[in-house]
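The values are calculated or read from the model by the stated rules, or taken from the named source; none is laboratory data. Because the structure is predicted, anything quoted here is derived from the model rather than measured. FYI the Cβ positions are ideal-geometry reconstructions off the backbone, even for glycines, and counts take in every protein chain you see.
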Amino acid sequence: PVNRSTAVQEARLKLPILAEEQVVMEAVRENPCVVICGETGSGKTTQVPQFLYEAGYASDGGIIGITEPRRVAAVSMSHRVAQEMNLPRQVVSYQIRYEGNVTSDTKIKFMTDGVLLKEIQKDFLLQRYRVIIIDEAHERSVYTDILIGLLSRIIPLRNKKGMPMKLLIMSATLRVEDFTDNQKLFRTPPPVIKVDARQFPVTIHFNKRTPLEDYTGEAFHKTCKIHRMLPPGGILVFLTGQAEVNSLCRRLRKAFPFRRGNTAEDEDDDSSESMRKFKKAKVKKTVSLPCIDLDSYSALPMDEGDEDREAGVGDEEDGDEDLDLGDDPADGNEKADPSIPLYVLPLYSLLAPEQQAKVFRPSPPGTRLCVVATNVAETSLTIPGIKYVVDCGRVKKRFYDRVTGVSSFQVTWTSQASANQRAGRAGRTEPGHCYRLFSSAVFGDFSLFSEAEITRRPVEDLVLQMKDLNIEKVVNFPFPTPPSAEALAAAEQLLVSLGALEKPPQRRTVKEMQRAQLSCPITALGRAMASFPVAPRYAKMLALGKQQDCLPYILTVVAAMTVREIFEDIVVFFLVRPAHSDEENSKITQRRARLTQMRRLWAGQGASLLLGDLMVMLGAVGACEFACCTPKFCEENGLRYKAMVEIRRLRGQLTNAVNAVCPEVGAFVDPKMNPPTEHQVLCLRQIVLAGLGDHLARRVQAEDMLDPKWKNGYKTPLMDDPVFIHPNSALFKTLPDFVVYQEIMENTKMYMRGVSAVEAEWIP
Ligand code: ADP
Ligand code: MG
């Protein structure tokens with residue numbers, strides 16, 4: 001029996017899903033797999049686990065598992081459900097890659113989808129679980145797709161063994177036919193339960209013009225206007241990334257300053273003095289660990305929406321002319337106006353959990369809530385009390401070139417479905433308004449939906465994980481949406497070249513050959529690589545790392561290479577703020593000189609120089625650890641603090657993973673690591689080449705150069721155009737004849753990132 005507070009009880013009764021409890025539970029009893037569709041905020045994530053718990057699915061030792069594509073959701077939902085059920089966090093727990101609070105008493109376990117995938121590797125039948133809920137399936141993140149494919153096979157196996165397990169797939173949209181109309185996946189289509197959305201009408205206001213550049217500025221003006229002119233109600237602003245979010249928060253706080261009283265706890269609902277003290281004490285003790293995005297080598301999950309909701313949000317029938325704010329941005333400078341305080345909160349994945357949780361609390365009396373978010377607020381989290389949405393219409397995504405693997409982060413238009421999801425956030429509690437910072441003509445050109453992530457990125461990590469699960473013919477895997485045949489073939493080829501898969505035997509016909517190439521079994525090395533939580537190229541380096549006492553360095557370099565953006569960008573730092581006073585300019589010049597000097601220092605001398613950018617990373621991490629990884633050290637030396645903390649954790653995790661495979665190496669994290677010797681640097685370069693062998697580039701010699709565009713350019717096997725060493729690279733001046741690179745990012749030019757020099761005679 002669950003003992004909920006009256007307040008919780010009342011709030012639950014308002015959720016549409018509560019009306020469907022019987023229907024849901026009956027469907028679950030009678031079917032191995034059930035799909036639940038319900039608008040964001042209808043109560044799927046918080047309530048369905050409770051239904052199952054109350055129906056006894058967690059009694060006699062079983063666990064209810066829920067996967068989320070985002071860490072934010074796994075952590076915050078586990079807290080919320082624990083609180084609603086009045087159960088301790090040892091019972092309603094979460095597990096994300098680096099941390100969790102799962103105990104032997106855990107009955108309901110929220111986790112990221114990657115965590116469950118790892119568990120399947122350890123126990124294919126997932127025997128501890130009685131139910132698995134795949135949440136946010138509409139996001140179509142790669143791991144969600146794979147999990148659904150795997151579970152479609154695990155469920156019947158469990159039934160056969162007489163220990164049945166249930167699968168629930170939950171989606172915020174009705175677009176679920178990839179799961180239901182898919183004979184390969186489920187021979188009997190699972191029933192779909194639709195939860196009625198209790199959605200209020202949202203009036204859409206399009207801009208007449210579409211700002212092409214300064215949409216953050218436009219968002220600022222629009223938010224100011226809403227706050228000045230429109231009735232109470234929270235504002236939710238959608239931007240594309242953390243930096244934009246923070247900068248807009250700053251501007252808004254300046255424009256409508258809000259001073260907290262003497263008590264710093266206004267946001268807490270508990271009023272009793274002792275409770276406040278208790279909380280304060282507790283907050284002080286908990287070290288605030290930043291929330292880290294370890295899945296940084298893959299794209300964030302895609303955003304998909306719901307075609308059925310377009311009609312609802314489309315009508316302009318509110319008759320409330322005043323609410324159309326027009327779109328003249330020439331609003332000039334906002335003067336600070338403390339008479340109407342705005343309570344501004346940022347929300348993005350990398351934000352620390354305590355900060356994220358703030359959006360769920362009531363805003364301080366006399367203020368209006370304004371949340372500035374990336375698309376995490378689109379479907380995973382429901383923020384209470386939002387009446388106005390300001391949508392920039394854009395999203396930041398990583399794009400990969402199919403053939404070359406070249407990747408770039410790009411801000412692009414989102415899909416129509418996504419924009420409608422965003423608009424829908426305004427109509428949860430009462431009729432709302434959505435201000436789109438683009439014209440209706442531009443909206444008409446948006447794609448209807450976004451594609452499943454698996455079709456847009458390289459899949460070598462997935463293929464390796466699957467082979468490790470003994471799925472030899474990955475082509476036959478029941479993907480909800482299969483990746484392209486080329487992507488699969490490219491992945492197998494890479495894995496064979498890394499030694500993770502056996503070379504296919506020679507066959508007579510081309511067809512036989514192709515078939516053999518797509519079903520190479522995994523090698524012992526491949527299994528070791530699969531156990532390392534990094535992409536196969538880096539896993540290979542780890543597997544070779546124990547030679548010549550190189551392991552501590554390789555662990556560090558791999559950790560640094562797989563964490564995004566560890567350095568503050570010298571060039572960008574210089575360029576983004578053009579016109580300044582002389583004093584400011586000289587400050588910038590000084591700063592630039594300092595950062596350049598530090599990088600030169602970390603790059604080492606003599607033989608070390610040839611390890612290039614990787615040596616700089618190694619030096620930076622070494623120096624930072626030596627200085628105990630303080631925010632101050634990072635700030636002074638142009639290192640991103642969060643990245644450094646993440647590297648530290650990842651080093652720990654990789655060290656454990658290596659020890660698990662090969663206990664005799666006894667790897668440990670040494671905070672006071674000496675720089676590598678000359679011989680070790682040589683060895684490191686060879687190990688790096690072994691991992692990045694397909695990322696080789698040769699400098700074009702002057703005599704081969706027919707076209708000036710090749711000046712200082714490098715030739716790679718797959719591209720017709722030259723690639724370059726970035727001016728920020730440690731090897732920019734050296735320009736070695738042969739280099740390997742981590743990746744090619746395209747911005748103004750095709751630039752190699754993470755470059756290190758190799759010797760021609762090493763190349764097979
Ligand atoms: P769904 O999964 O269908 O999108 P949820 O179960 O996440 O819906 O949310 C149901 C309701 O619970 C929403 O109205 C949301 O505002 C509320 N809610 C979720 N998490 C919290 C929280 N941490 N604090 C307060 N309310 C919350
Ligand atoms: Mg949800």
- Of residues in the stretch 712-732 being modelled with pLDDT under 90 and charged (D, E, K, R), the one surrounded by the fewest Cβ atoms within 10 Å (Cβ to Cβ): Asp720
- Message: So for the stretch 128-135 (the condition being under 29 Å from Thr429 (Cα atoms), in contact with a Cys (Cβ under 7 Å, 6 or more places away or on another chain) and crowded, with 23+ Cβ neighbours inside 10 Å), does at least one residue qualify?
- Response: no
- Which members of the stretch 58-76 meet the condition of being near ligand 2 (Cβ under 10 Å from one of its atoms) and either of a type in the set (D, E, K, R) or at pLDDT 95 or above (or both)? Ile66, Glu68
- Task: Could you please give the count of residues in the stretch 66-100 that are touching a strand residue (DSSP E or B) at 6+ places or on another chain (Cβ under 6 Å) and away from ligand 1 (no atom under 16 Å from the Cβ)?
- Result: 3
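Each row is one residue, and each column tells you yes or no for (1) buried (at least 19 other Cβ atoms within 10 Å of the Cβ); (2) within 16 Å of ligand 2 (Cβ to nearest atom); (3) under 18 Å from Glu68 (Cα atoms); (4) more than 27 Å from the chain's Cα centre (by Cα).
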{"residue": "Asn159", "(1), (2), (3), (4)": "no, no, no, yes"}
{"residue": "Ala172", "(1), (2), (3), (4)": "yes, yes, yes, no"}
{"residue": "Arg187", "(1), (2), (3), (4)": "no, no, no, yes"}
{"residue": "Gln199", "(1), (2), (3), (4)": "yes, yes, no, yes"}
- Which residues, taken from the stretch 633-682, are under 24 Å from the mean Cα position of the chain (by Cα) and among the hydroxyl-bearing types (Ser, Thr, Tyr)? Tyr641, Thr655
- Item | Of all residues making up the stretch 14-57, the number that are aliphatic (A, V, I, L, M), surrounded by fewer than 21 Cβ atoms within 10 Å (Cβ to Cβ) and more than 16 Å from ligand 2 (Cβ to nearest atom) | 5
- Task: Give the stretch 336-381 a look and list any residue that's β-branched (Val, Ile, Thr), within 16 Å of ligand 1 (Cβ to nearest atom) and at pLDDT 95 or above, or say none.
- Result: Val371
- Message: Name the single residue that is nearest to ligand 1 (Cβ to nearest atom) among those in the stretch 168-186 being farther than 12 Å from Glu139 by Cβ and either free of Cβ contacts under 8 Å to residues at least 60 places away in the same chain or among the basic types (Lys, Arg) (or both).
- Response: Glu177
- Count - residues of the stretch 119-135 that are away from ligand 2 (no atom under 16 Å from the Cβ), in contact (Cβ under 8 Å) with a residue 60 or more places away in the chain and within 24 Å of the chain's Cα centre (by Cα): 2
- Starting from the stretch 630-654, take each residue that is without any contact (Cβ under 8 Å) to a residue 12 or more places away in the chain and list its partners that are small (Gly, Ala, Ser) and not in a helix (DSSP H, G or I), counting only C-beta distances under 8 angstrom and pairs at least six apart or across chains. Phe633/Ala627
